[in-house]
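The values are calculated or read from the model by the stated rules, or taken from the named source; none is laboratory data. These numbers were taken from a predicted model, which means no experiment stands behind them. Cβ coordinates were reconstructed from backbone atoms using ideal geometry, including for glycine residues, and neighbour counts include every protein chain displayed. Accessible surface areas use protein heavy atoms only, side chains included; no ligands, DNA or RNA. Shrake-Rupley method; radii C 1.70, N 1.55, O 1.52, S 1.80 Å.
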Amino acid sequence: MTLDLFADVPDSRSLIHKPSLDAILAQLREWKAQPNSPVRGIHHIPSRPGEFADFPETLDASILRMLERRGIARLYSHQRDAFDRIAAGQNVVIVTPTASGKTLCYNLPVWNHLLDDPNARAFYLFPTKALAQDQLHEFSAAVDAIGAAIRAFTYDGDTPQEARKTIRERANVALTNPDMLHSGILPHHTRWSKFFENLRFVIIDELHYYRGVYGSHLANILRRLRRICEFYGSQPRFICSSATIANPKELAEALVEAPVEAIESSGAPAGEKYFVFYNPPVVNAQLGIRRSYLHESRRIAVEIIDRGQQTLVFANNRLATEILVTYLKDACERGLAPPGTIRGYRGGYLPRERREIERKLRDGEIRGVVATNALELGIDIGSLDAVVLAGYPGTVASTWQRAGRAGRRQNTSLAVLVASSNPLDQYIIEHPEYFLGQSPEHACINADNLEILLNHLKCAAFELPVKDGEKFGPHDTGRLCRFLGELGLLHHSAGAWHWTSDTYPADAISLRAVTSDNFVVIDTTGEPKVIAEVSFPAALVEVHEKAIYLHEARQYQVEKFDYEQRKAFVRQVECDYFTDAIDYTQVKELERFAESPLAGAVAAHGEVRINRQIVGFKKIKFYTLENVGAGHLSMPEQEMHTTAFWLHFPAAFFDRFPDLSPAQRLGGLSGAGAAMRAMAALLLMCDPRDLGVALTEDIAQSNPCFEPDLFLYDTYPGGIGQSAPLYELHRNLVEGALQMIACCPCESGCPSCVGPAGGKQAAQRMLAALL
């Protein structure tokens, strides 16, 4: 039986053939007014008029003619402000909403300068290859319309080897990403000598993306870039653009280590937008189980697509993306959407597939795309009408960024956030006013993290000898170079430290603090061919032996997992289930940085060692999500050093709960951990996946009592600085977790509060005891 969208609500059929957005919204408001409605909130963002400014007098006439032919009679006020400041030699960061013309803010001064000085060069840095490809498409079309001999090319991992030499020698503009700059350009700067001698601009797009580990790495890459520019005698200006965050000027200055002027007032007009908060209906009140958010997202997307609206569905991970693609393509085959108009889009797809999907979206050939965050950033993919978010992305900035993909042509648009049963989703969806009232996040980096700093100093020494007394950023390099010399990596000679190792240091560094080893997925159904690439950590859970690997809604069974050669061999199969890996995690305390008593327990933070192993997998049936089988695995154990916040519970703490059995105590602590992890993500405004939770028993020979530790740890090697603020906020953390559990309507625990294995009453009692 096919369920209607919002089937719990009467007369839902009355909406299906009304194309008007006004009619849809009127019906949504009616549903919201009814008791137990899945529509928890409708937020209206009114349209706003534009603020305009005249073209600068110094703008080249050919650019002026191109803009006028495109119907641009005047600039937005922030575009003119950016042009004037850049012309005056300032570094700038432009912080305006999605689709406000930020691209023209940096393209205009670059075009103008290149027409005046044809030898000048510019680097454009984008966080993803897809975004660079999109920007090249736009850049080249404009340059052709100007009639200028400005040569722009993308230079990334997808660039053919035979084209690279030509690009290095002839390009005025190289569009690349931090990974390529780090490992493919800076270490080979001698091949780019002409480019660096004439480098005038460095554009950093989507600045807000560079926070945490990635941003800390980029700051050190820019230190290396400025060092090489100094060697070649150039001093480029930095032009950054960002979505709305709380501290854009501070972040930009931390990255480029130079004064930066912020332009935060947007002159762009905007169409009106409606933001709908949707919570899937409860199907089992006793267990607190709701309808699958993936099913609900699929049904909402099908309804919108069926009305002729071009729709983008965002999922939070690769597996959810592939499941939704499968569901939506099934709907196409049943005639609920035109055939061939639904596609998936994520990082593992081959470059040719990604380019084809982007083009068809722009041309309107595709009606619906299911994407990971690969399409979150500013790729202009045409006039989208609606965005469906399958699950809360984890941060306010990401949510608005995804919602901003619709209505990019100033038309009225719709964004629907469908909550999963994740506690963070449930908190946001039931408290829309909390989400809407949140100021944007602070983006923080730590460029002076010793491990990151030392790794990039190795790269810097590989690129150019480090002279005595030379600084790297604000740091004196003497002691660090002596340390690297003791390791046999550097040698001191003629007043400088020289790289002597036969290794290539950039290859050993992943900018996301995850190993750069990727697995290739090889389809052996017919002639063997590579169909995808999977990162090292993801490979352990996605392409282990006997796994069902999903790609473009096709199922492949993994026949062989070659750990040493980093290859997974798969064969196409027809099956009605997918697989979900089961892992086992152990945490060992290495060093305690600080601790304080907490009502009979101990709160602490410090350095820990994580040992994680994939021990098996479950078979999950499509649509019903039933567990239809399992399998055991023997995978290599992974070890990681990171930082953590934890609570230690002495045996005396449990004397307050004589009625709880050992199993109930464990269940209570497990439930408390699940709630604390969700609340920690809210307090730190981080992705919940940046935090792991683990419960370990501390039973020694001298003290055979039950004294467990409950850990919240950074999931990145070395940590990204989350344990210290959690330690400082530990009372808020415990209070928030207790409130989250108390507010949940379930009877004995559910995925929205304490998780499936948690004991609700025991978790509440223990958290209350901590206060």
Over the chain, what relative contact order in percent results from Cα pairs under 8 Å that are six or more residues apart?
11
Binned Cα-Cα distance frequencies in the chain - 10 Å width, integer %:
2, 12, 22, 25, 21, 12, 4, 1, 0
One finds the C-alpha centres of the range 88-120 and the range 126-190 to be spaced, in Å, by 17
Computed FRET value (nearest 0.05) for GLN34 with THR624, which takes r as the C-beta separation and R₀ as 22 Å
0.20
Simple spin-label estimate for ALA258 and PHE593 in nanometres, 7 Å along Cα-Cβ:
3.2
Within the range 26-117, what whole-number % of the accessible surface is contributed by carbon and sulfur, with the 1.4 Å probe and all protein chains included in the calculation?
46
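What's the local net charge at ASP81, with K and R +1, D and E -1, over the other residues with C-beta under 11 Å away? Walk me through the numbers before you get to the answer.
On the way: positive: ARG80, ARG85; negative: GLU51, ASP84, GLU261, GLU264.
The answer is -2.
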Which parts of the range 187-229 would a label at LYS471 reach, counting a residue when its backbone N lies under 15 Å from a point 7 Å out along Cα-to-Cβ?
223-224, 226-227
Taking the Cβ-Cβ separation of ALA163 and LYS546 as r and a Förster radius of 35 Å, what is the calculated FRET efficiency to the nearest 0.05?
0.30
Subtracting the Cα-Cα distance of CYS575 and ALA246 from 0.36 nm times their residue separation yields 113.7 nm
Rounded if a/c under 1.5, otherwise prolate or oblate - the range 59-159, Cα gyration tensor axes
rounded
When the Karplus curve 6.51 cos²θ - 1.76 cosθ + 1.60 is applied with θ = phi - 60°, which whole-Hz ³J(HN,Hα) does each residue of the range 252-259 get, with x for Gly and Pro?
4, 5, 5, 6, 9, 6, 7, x
Sort 420-433, 518-531 by the packing proxy (mean of other Cβ within 10 Å over each peptide's residues), most packed first.
420-433, 518-531
Charge sum, other residues only, whose C-beta stays under 11 Å from ASP205's C-beta, Lys/Arg counted +1 and Asp/Glu -1
-1
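Highest first, please rank the peptides 493-502, 761-770 by the mean number of other Cβ atoms sitting within 10 Å of their residues. Intermediate values should be presented prior to the final figure.
Working: 493-502: 13.8, 761-770: 21.1.
By packing density, highest mean first, the sequence is 761-770, 493-502.
Residues of the range 388-483: accessible area per residue at 1.4 Å, in Å²? Could you put the intermediate results ahead of the total?
On the way: 3630 Å² over 96 residues.
Ligands and nucleic acids excluded, the result is 38 Å² per residue.
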Surface accessible to a 1.4 Å probe, per residue, for the residues of the range 221-275, Å²
34
Run the quick spin-label model on THR696 and LEU683: label points 7 Å from Cα toward the beta carbon, then report their separation in nm to one decimal.
2.1
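Can you bin the range 559-624 into rounded, prolate or oblate? Criterion: square roots of the alpha carbon gyration tensor eigenvalues sorted a ≥ b ≥ c, rounded for a/c under 1.5, prolate for a/b above b/c, oblate for the rest. Please report the intermediate quantities before stating the final value.
Working: a/c = 5.62, a/b = 2.15, b/c = 2.61.
Oblate is the answer for the range 559-624, as a/c is 1.5 or above yet b/c matches or exceeds a/b.
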For LYS32, go through the lysines and keep the ones whose alpha-carbon is under 29 Å away, minus same-chain ones fewer than eight residues off.
LYS18, LYS273
Residues whose placed amide H lies under 5 Å from that of TYR124, excluding near-sequence neighbours
ALA174, LEU175, THR176, ILE203
At 1.4 Å probe size, with every protein chain present, just tell me what the per residue accessible area of the range 498-640 comes to in Å².
51
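Using 0.36 nm per residue of separation minus the Cα-Cα distance, give me the extension gain between THR58 and ARG656 in nm, one decimal.
Numbers: separation 598, 0.36 × 598 = 215.28 nm, distance 7.72 nm.
That works out to 207.6 nm of additional length.
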Please give the net charge around SER234, taking every other residue with its beta carbon less than 12 angstrom from that of SER234, where Lys and Arg add +1 and Asp and Glu add -1.
+4
Starting from the 7 Å offset along Cα-to-Cβ, what nm value, one decimal, do you get for the label separation of ASN518 and VAL283?
3.7
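When a/c is below 1.5 the answer is rounded, else prolate if a/b is larger than b/c, else oblate, so apply that to the range 231-389 with a ≥ b ≥ c taken from the square roots of the Cα gyration tensor eigenvalues. Please report the intermediate quantities before stating the final value.
Values: a/c = 2.20, a/b = 1.72, b/c = 1.28.
Prolate, because a/c is 1.5 or more and a/b exceeds b/c.
At R0 = 56 Å, how high is the FRET efficiency between ARG731 and LYS560 if r is their beta carbon distance? Nearest 0.05 is fine. Write down the numbers at each step before the final one.
Working: r = 51 Å, r/R0 = 0.92.
E(calc), rounded to 0.05, equals 0.65.
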How far is the Cα center of the range 212-248 from the Cα center of the range 518-564, in Å?
36
Listed residue pairs exceeding 27 Å between alpha carbons, taken from LYS329/LYS621; LYS329/LYS560; LYS194/LYS467; LYS129/LYS194; LYS360/LYS618; LYS329/LYS618
LYS329/LYS560; LYS360/LYS618
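Using a 1.4 Å probe on the protein chains only, how many percent of the accessible area of the range 713-771 belongs to carbon and sulfur?
Numbers: 1250 of 2330 Å².
Of all accessible area on the range 713-771, carbon and sulfur atoms account for 54 percent.
Arrange the peptides 171-180, 257-266 so that the one whose residues have, on average, the most other Cβ atoms within 10 Å appears first. Numbers along the way, then the final one.
Working: 171-180: 23.0, 257-266: 16.2.
The packing order, highest mean first, is 171-180, 257-266.
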